[in-house]
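Since the structure comes first, as structure tokens, the remarks are kept for the end.
The values are calculated or read from the model by the stated rules, or taken from the named source; none is laboratory data. Note that the coordinates shown come from a computational prediction; the quantities given were computed from them, not determined experimentally. Every residue, glycine among them, receives a Cβ derived from its backbone with ideal geometry; neighbour counts consider all protein chains shown. Just so you know, the surface numbers come from the protein's heavy atoms only, side chains and all, with ligands and any DNA or RNA stripped out. Shrake-Rupley method; radii C 1.70, N 1.55, O 1.52, S 1.80 Å.
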Amino acid sequence: MKIDRDAPIGVFDSGVGGLTVAREIMRNLPSEKIVYFGDTARVPYGSKSKDTVIRYSRQIIHFLEEQQVKAIVIACNTASAFALDAVKDELNIPVLGVIEAGAKVAAKETRNKRVGVIGTLGTVGSGIHEAYLKQLDPEITVIGKACPLFVPLVENGHFDTKVAELVTAEYLEEVKKQNVDTLIMGCTHYPLLKKTIGAFMGESVTLIDAGAEVAKELKRHFDKNELHSQVHDKKQYQYFVSDDVCSFSELGGIFLNKKIDGQVEKIDIEKY
């Protein structure tokens, strides 16, 4: 099957957090069109079962296929952990998840082979980062820590506040004691806490932003397969949600680090 190089990239997440991944794709591939879907009616995915996350992911992928996308990025860490392997062989276009991209860089960056992973209960509990890292280097020790309060902190604007510092210290004290030298930020919200997390962990710890790494991986794939768009479209970015449009638009600007410059449309994702 020949892929239309001028088709958009599909990006999806359980909510607004995946916009940090979309932002990195915009930065690395500025000429590309993006169709973003945030499943704001069914967020969060981190506390849902594997079967439920796979079902949700398939519905979203069917919607993105209708938009005739040329590649799909699963920006949600939980969906990457639970659904990527289940769906990638069902499609004729490339499907990338954030977990494998982050794990590759962490395995390369670690010097003492002690890697920390922070994320939702679902992501950390899945053990998927550890599985990938062990495949790359069996000698790596993985220290996982679920940090469920980080998401509401970010969504309420607590990036580098005293509250953020206290919660970060509470969660990461035991990870720091484990002498990790590399830390995977395994949730799309966490890059907004990078400054606070970095200050607590110290300069000797390398922070891995999986969203930035998957954007670089997508660029390498497009380079290799000559999939870069040749057409600049004024309607470059489209946003779709399964719930309230206004709250997504307001919050989305924080994650994109700029005002959402396209129309946000609500759709009935259950139809798919």
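Label-to-label distance for ASN92 and HIS228 is 2.6 nm, based on points extended 7 Å past Cα in the beta-carbon direction. Annotation: HIS228 carries an accessible surface of approximately 50 Å², with a 1.4 Å probe and no ligand, DNA or RNA atoms counted. Partners of LYS258 within straight-line reach, counting aspartates and glutamates whose Cα lies under 12 Å from its Cα and excluding those fewer than 8 residues away in the same chain: GLU250. Taking all protein chains together and a 1.4 Å probe, the residues ARG23, ARG220 rank ARG220, ARG23 from largest to smallest accessible area. From the coordinates of this entry, volume of the Cα convex hull per residue in Å³ is computed, and it appears in [x] 153; [y] 119; [z] 134 under the label [y].
Per residue, the chain reaches -14000 deg cm²/dmol at 222 nm when only DSSP H runs of four or more residues are counted, each adding -39500 (n - 2.57).
Loop sites by DSSP among the GluC sites (Glu not before Pro) of the chain, restricted to those with at most 14 other Cβ atoms within 10 angstrom, leave 1-138 as the longest stretch without any of them.
By DSSP, the beta bridges lying fully in segment 107-243 are antiparallel in about 0 percent of cases. If you wrap the tightest convex hull around every Cα atom of segment 75-212 and split its volume per residue, you get 101 Å³. Taken per residue, the accessible surface of segment 158-272 reaches 55 Å², heavy atoms only and a 1.4 Å probe. Got a number for carbon plus sulfur as a percent of segment 118-221's accessible area, 1.4 Å probe? Ligands and nucleic acids excluded, carbon and sulfur give 52 percent.
Surface analysis of segment 1-131 yields an accessible area of 36 Å² per residue, using protein heavy atoms and a 1.4 Å probe. With the simple spin-label model, which puts each label point 7 Å out from Cα in the Cβ direction, the ASP243 to ARG114 separation comes to 4.0 nm. With θ taken as phi - 60° and the Karplus curve 6.51 cos²θ - 1.76 cosθ + 1.60 applied, the whole-hertz 3J(HN,Hα) list for segment 97-105 is x, 7, 6, 4, 4, x, 5, 4, 5 Hz, x standing for glycine and proline.
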